[in-house]
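Structure first, commentary second.
The values are calculated or read from the model by the stated rules, or taken from the named source; none is laboratory data. Not measured: the values here are computed from a predicted model. Glycine gets a Cβ as well: all are built from the backbone with ideal geometry, and neighbour counts include every protein chain shown. In case anyone asks, the SASA skips ligands and DNA or RNA and just uses the protein heavy atoms, side chains included. Shrake-Rupley method; radii C 1.70, N 1.55, O 1.52, S 1.80 Å.
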Amino acid sequence: KNIEIFVTVYRLARRLVKMGSVSAVVSIVVTKWREHPPSLYSLKVDNFKQLEMSATSSDVNYQSRLFSSGGYNWKLIVYPKGKEKDNDNVESLISAPQREVFAELIFFVYNKKETKYFTIQDLEVKRFNALKTVWGLQQVLPFDSFNHPENGFVFEGDQCEFGVDVIVVPPLTNWEILFFNEKLQNPSSLGLDTPKADEKVLAQANFRVLDPLGSNHFELKRSEVISTIVKKWREHPPSSYCLKVDNFKQLENFTTSSDDKYESRLFSSCGYNWKLIVYPKGNKKDNGKGFISMYVEIDSKSFISEPQCEVFAELIFFVYNKKENKYFTIQDVEVKRFNALKTMWGLRQVLSFDSFNNPENVMSLRKINFGVDVVVPSPLTSWEILSFNKKLQKPKFSWTVKKFSQLKEHEYTVLKLYPKGYSREDDKWLSVFLHLADNGTAKADEKIFVQANLRVLDPHGSNHKAYQMNTWQIGKNLGWGWDEFLSLEELRKAYLDKEDALNVEAEFEVVSATKYSPII
C-alpha cells in the first residue's frame, strides 16, 4: 500500500494549473498563509543549494521515507529544480488492484520572515489507484521568489522546510434523515412517544378552547421542538456527517420556533463530538439574511476537564445538487480555533436563498442534502531532517594496493577494486567502486548523499586519473563507481610505482545525514 505524492519548487511564474483526473474536473488551486504546522509529515533541509545539486543524480527529486496516513503509506517527493512534465508512471503497491483511495492534499513551505507556513492546495479530491499513484502540484512557488533571502523561505544560511497533510476521505458513517409527515392517518389519536437519545421531534398542532355556543373557538397555533472562502463542485460525498431533509419548505417554516435554525444530533470526528447547524432562512444575527447559513458547534463538554484546551479544525460544508449530480462545497480554508469561549464556527452565506430555491438549479425540490467534513489536524509525529556536512574532520582517505599485477580482486572498508574489470567480459579496464561499510548499512527508506573525488594517483607526477562522484546510497545498494575507470594498458604504463603498487585516494566533499522521527 505504497502511494506517492509530490511537491515542486518551480522556476517559472506560479499560476493556477489544470490537474488531470479521471473525471476531468477543473481543479481549484488555493494558496494561503497558516500558523498551524503540517500534522502529517515535515521535511527540513539544512542546505537547499546542496539538495538542488544532489537532485541531479536522483532523477532531479528527493523522496522522503514512507509515512502513514489513513491506513496507507505515502512518500513526499520534492523537485528542487522543478518538474517539467507530470508524466509519473510509478509501480503501484496497492494490495487490491481495483481499489481506489480518495485523498485531499495540502502542501506546506515554511517562511521564517512571516513565521507562518505558505500552503497550497488543489481542492479537488484526488483519486489514487493502481494506474495513478502520484498526485501533486507542478508549480508551487517561483524558484526566484523561493530562493531570494529577503522573502524568508530560505533562512539561517540555506535552511528550508517542506511539509504535507494527506487527508484520506473515509466512507460516510454518520447521517440523519429528517421527515415531515403532513398527512397523519389519525391525528386525533396521536400519542406522544418518548424520543430516542439525540432525537428531535417537530410537532405542529392547533390548540383550541371550543365555543359551546357556536364557532368562535379560541385557537393558538404552536410549533415547538420536543426533546477565507472557496466554492467548488465535488463528486465525493461528505465523510463526517450528512443531513437529509425530505421537505425543505417545512423545515423553513418550522425553524421559526427554534431561533431560525436546525441542530443535528451529536456526531464524532477526530475524537470530538460536534453538531451541524443549518439556518434555512439565514442567520440574521450574523448578517446571513437572504442566504442559507451553516455552522459546526463542538460539544462544550470537550472543555470541562481542560478549560484552556484548544481544538483546531478545518470545515467543509456540502449542499447536494440533483441537476449536477454533485455536491456544491464551500470552505473557509483558514483553520478554525475552537475553545471554551468559541465553540461554534461556520459560514453565514453559504448559498443565496433565491438561487437555492430556484427549481432550475435543482438545489431544493422539497428534498435536500446538507453535509459537513470536520478535519482536526493532529500533532506532527512524522518528520525528517536532511543535513549536508561540508566540513568533514578527515575528508581524505588513501589506499596503497601492493603487488597489483598479481591481484584478482581487492576490497577495503569502503573501496572495491576489480583489477580485471567488474563485468569480466574483458580484461582491459580497472573498475573502482565506493560503498558503505558493513556497519554503515543504510536504514530502511534512508538515502545518503555522497559527493567525493576518486583518484588513481600518478606516482611520477600530478597527472592523476580522477572522477567526481555525486550519488545517493539507497537501502542495500552495494555501491557506486565506474566499470571503466582506467584502462589497464594506461595503468601499467603510468600508474604503478617501482614496487608494483597502485595508490588510490578518495576525498569526500559532502556527506548527507538524515534524522528521522521515531516510528510509532
Out of curiosity, is T31 open to solvent by less than 10 Å² (accessible area, probe 1.4 Å) and either at pLDDT 75 or above or touching a strand residue (DSSP E or B) at 6+ places or on another chain (Cβ under 9 Å) (or both)? no
Can you tell me which residues in segment 390-439 are modelled with pLDDT under 75 and part of a strand (DSSP E or B)? H410, E411
Among (1) within 20 Å of L434 (Cα to Cα); (2) open to solvent by less than 60 Å² (accessible area, probe 1.4 Å), where does H464 come up short? (2)
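Here are K113, K44, K85: which of them is out of contact with any strand residue (DSSP E or B) (no Cβ under 7 Å at 6 or more places or on another chain), open to solvent by 20 Å² or more (accessible area, probe 1.4 Å) and at pLDDT 90 or above? Spell out the reasoning first.
Details: K44 fails: out of contact with any strand residue (DSSP E or B) (no Cβ under 7 Å at 6 or more places or on another chain); K85 fails: at pLDDT 90 or above.
Exactly one of K113, K44, K85 is out of contact with any strand residue (DSSP E or B) (no Cβ under 7 Å at 6 or more places or on another chain), open to solvent by 20 Å² or more (accessible area, probe 1.4 Å) and at pLDDT 90 or above, namely K113.
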For W383, state whether it is at pLDDT 85 or above, of a type outside the set (K, R) and more than 30 Å from F318 (Cβ to Cβ). yes
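Condition test on I94, is it modelled with pLDDT of 90 or more, out of contact with any His (no Cβ under 9 Å at 6 or more places or on another chain) and not polar (S, T, N, Q)? Give the steps one after another, and end with the answer.
Working: modelled with pLDDT of 90 or more: no; out of contact with any His (no Cβ under 9 Å at 6 or more places or on another chain): yes; not polar (S, T, N, Q): yes.
Considered against the rule, which asks whether it is modelled with pLDDT of 90 or more, out of contact with any His (no Cβ under 9 Å at 6 or more places or on another chain) and not polar (S, T, N, Q), I94 comes out as no.
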Among S269, S264, which is the only one that is modelled with pLDDT of 90 or more, of a type in the set (S, T, Y) and under 30 Å from E100 (Cβ atoms)? S264
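Name the residues in segment 232-247 that are of a type in the set (F, W, Y) and more than 18 Å from I28 (Cα to Cα), would you? Can you show your working first?
So in segment 232-247, the residues of a type in the set (F, W, Y) come out as 233, 241.
If the condition is that a residue be of a type in the set (F, W, Y) and more than 18 Å from I28 (Cα to Cα), then Y241 is the only one that fits.
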Working only within segment 319-363, note down all residues that are closer than 16 Å to G282 by Cα and either touching a Ser or Thr at 6+ places or on another chain (Cβ under 6 Å) or among the basic types (K, R) (or both). R348, F356, N357
For E509, work out the one condition from (1) open to solvent by 40 Å² or more (accessible area, probe 1.4 Å); (2) touching a helix residue (DSSP H, G or I) at 6+ places or on another chain (Cβ under 9 Å); (3) acidic (D, E) it doesn't fulfil. (2)
Would you please name the residue that is modelled with the lowest pLDDT, looking only at residues in segment 237-259 that are buried (at least 19 other Cβ atoms within 10 Å of the Cβ) and part of a loop (DSSP other than H, G, I, E, B)? S239
Looking at segment 132-160, which of its residues are crowded, with 21+ Cβ neighbours inside 10 Å and assigned to a strand (DSSP E or B)? W135, G136, L137, C160
Restricting to segment 116-131, count the residues that are open to solvent by 30 Å² or more (accessible area, probe 1.4 Å) and either part of a loop (DSSP other than H, G, I, E, B) or small (G, A, S) (or both). 2
Subset tally (residues that are surrounded by fewer than 17 Cβ atoms within 10 Å (Cβ to Cβ) and modelled with pLDDT under 90) for segment 447-461: 2
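Restricting to segment 270-282, count the residues that are outside any loop (DSSP other than H, G, I, E, B) and open to solvent by 10 Å² or more (accessible area, probe 1.4 Å). Before you say what the answer is, go through the steps one by one.
Residues of segment 270-282 outside any loop (DSSP other than H, G, I, E, B): 272-279.
Cutting the leftovers down to open to solvent by 10 Å² or more (accessible area, probe 1.4 Å) gives us 272-273, 275, 279.
Residues flagged as outside any loop (DSSP other than H, G, I, E, B) and open to solvent by 10 Å² or more (accessible area, probe 1.4 Å) within segment 270-282 amount to 4.
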